[in-house]
1. If I go through the stretch 209-251 residue by residue, how many of them are surrounded by fewer than 19 Cβ atoms within 10 Å (Cβ to Cβ), within 30 Å of PRO591 (Cα to Cα), over 21 Å from the mean Cα position of the chain (by Cα) and in contact (Cβ under 8 Å) with a residue 24 or more places away in the chain?
2. What's the total number of residues in the stretch 69-101 that are closer than 19 Å to PHE223 by Cβ, crowded, with 20+ Cβ neighbours inside 10 Å and of a type outside the set (A, V, I, L, M)?
3. Out of all the residues in the stretch 42-67, which are in contact with a Gly (Cβ under 8 Å, 6 or more places away or on another chain), β-branched (Val, Ile, Thr) and surrounded by 20 or more Cβ atoms within 10 Å (Cβ to Cβ)?
4. Restrict the check to the stretch 514-529 and report whether at least one residue is assigned by TED's automatic domain parsing to the domain that holds ASP357 and without any contact (Cβ under 8 Å) to a residue 12 or more places away in the chain.
5. Please enumerate the residues belonging to the stretch 566-612 that are surrounded by fewer than 19 Cβ atoms within 10 Å (Cβ to Cβ), among the aliphatic types (A, V, I, L, M) and over 28 Å from LEU247 (Cβ atoms).
6. Could you check the stretch 23-142 for helices (runs of 4 or more DSSP H) lying wholly inside it with 3 or more residues that are assigned by TED's automatic domain parsing to the domain that holds LYS197?
7. Of all residues being of a type in the set (Phe, Trp, Tyr) and under 29 Å from the mean Cα position of the chain (by Cα) in the stretch 511-556, which is surrounded by the fewest Cβ atoms within 10 Å (Cβ to Cβ)? Just the residue, please.
8. Quick check, is LEU525 modelled with pLDDT of 95 or more and assigned to a helix (DSSP H, G or I)?
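The values are calculated or read from the model by the stated rules, or taken from the named source; none is laboratory data. Everything numeric here is computed off the predicted structure, so don't read it as measured data. Here the Cβ is made from the backbone with ideal geometry for all residues, glycine too, and neighbour counts use every protein chain on show.
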Amino acid sequence: MSIEVRLPDDSLRQLDEGATGADLAGGIGARLLDAALAIRVDGKLLDLDTPLVHGSRVEIVTNRTPESLELVRHSTAHLLAHAVKRLFPDARVGIGPVIEDGFFYDFWVEKPFTPEDLPRIEAEMRKIVAEGIEVRREDLGRDAAVARFTEQGEPLKVEIVSSIPQGDVVSGYRQGDFYDLCRGPHVPSTAKLKAFKLLSIAGAYWKGDERNQMLSRIYGTAFHSPKELDEHLKRLEEAKARDHRKLGKELGLYTFHPEAPASPFFHPKGTAIYNELVTYIRELYFKYGYSEVITPQILDVALWKTSGHYENYAENMYFTTAEEREYAVKPMNCPGHCLMYASHKHSYRDLPVRYADFGRLHRFERSGVTHGLTRVRTFCQDDAHIYCTPEQIKTEMAAFLALLTEVYDTFGFEGMRVALSTRPEKRLGSDEVWDAGEKALAEALDEAGMPYTLNPGEGAFYGPKIEFQILDALKRPWQLGTLQVDYMLPERFELTFTRPDGGEGQPIMLHRAILGSLERFMGILVEHTAGAFPAWLAPVQVAFLPITDRAHAFATEAAAQAKALNLRTDLDLRNESLKAKIRDAQLAKVPYMLVIGDREAEAGTVSVRHRHRGDLGVQPLATFLQSLATEIRDRQR
């Protein structure tokens, strides 16, 4: 008996019944078999030793196949667990998923791992690779799987398997003396894993629940070749040098203190940048027709029950009591804006109404997930809410996209990615309402000619949303802007407008942000620029560096002229060498340094030095100051 399968080029291949993907690759050529990692059968990724079925379409997966890197990283996570079990037999194995740029594996150990353990574990992984151990799938019934993991002393695996319905098949993979629970697929042999690195260790609660056992998590990464791995490690070193937590402290921008966990203290230099961001967005609000408002920080709990936040978001909120009345510190601005809208009658002629709010927000983020400026408990958003008619959604969407594109271009972000996040399992409203919202956003994106991907189940509890990602200087993606369509809050707050026919209509509410959290955006911007902000954002825009005491008077007058133009200046009158002054200004990442000696003081000129471009020559002071003021006014990059 024989079978016939179709290859990606539509050619047909005859094989013996029971032939596997490996047999197919070997029949095509020895080089392909050597490169083969798995197979894709009718679109599904499977192990290389999977028997083929007559009439199926089969592709041999190699390192040139997009999904192959995830496959390699998945198998390397199992390789890590195998090595840990060899070196630490009492370690109990948790889970080991692939994540962006790598993988991790969680272990329950009596003594948490330390960085000093990583080289030893990595060496054992290389030993297992050199042994070329076959990796084979072994399916079991649920009870048999429970028995096996109980015998192996793996309580975490027993817990996972016990949650699987009775009668379901439990898939696992054997790798020599190591057997692990997994859906697969995997590479056929440990010899296929040629380039990996263990990176760090962290604590992690089992299943992410702080009531559970704290596990020891090992992070790693893997690539197809040592060259790719080396390039990635270099990028990681660059990212470490750009870490906003490190640079923020070095540049005197912000600090964190245990008295206010996950809540930044912005120093004068950091505050200057923060205020520039607000000023920029505020100018665009005027241009795009937004009205800025201010709303209270603390509001009665009844408001949050009306909005649905109490029911769906209470675990992330702060509460307080005064005069036997319960209040909540606002985690978002939208309910307050609904109160403002409801305080006046509105006609269709008034819409859209666009409220913008830089109010401070507070959300209780668990200490295990807070991270520098990018995950904090107190923050401000460039937040706005638009109340419009259903017919105005697409127009408002187009205006929002124009605003968002203008902002991202100003900061030099490239490679924007767009995703449409649809209804989550926990949500407000009927399916009909969600259908309408998801359709409106999808049509708006289609009409804008903006490609997007779907994020099923990732919408807010009150409506679907569009998320916008940008790539920073290291090509890392960051989610910034959002646009959410909301039918529920207008209904819950009984918001209305008078239609042209005199009847009553319910407005649609659009929640939107461009930078998102200003704190988070600032952290991203620090890493994007490596702390070397463009002149319009730099906390110190120009430094005056007199060489001699005789030049102090002119340098002082020059700095005063700069301040009169609202330029942020630093006047360095220290008794230090010019080399030391330039070095310190470079370390502070000041865009322009003006060197002033006796000749410059006498002629009313300055010797201009740029932090990146070096010596720019001698210029009249007035000419330079006017040029810099123009550069700042135009927000040049």
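1. Qualifying residue count, the stretch 209-251: 1.
2. 6
3. Selection gives VAL58, ILE60.
4. No, that holds for no residue.
5. ALA603
6. Result: 68-87, 117-131.
7. That would be TRP536.
8. In short, yes.
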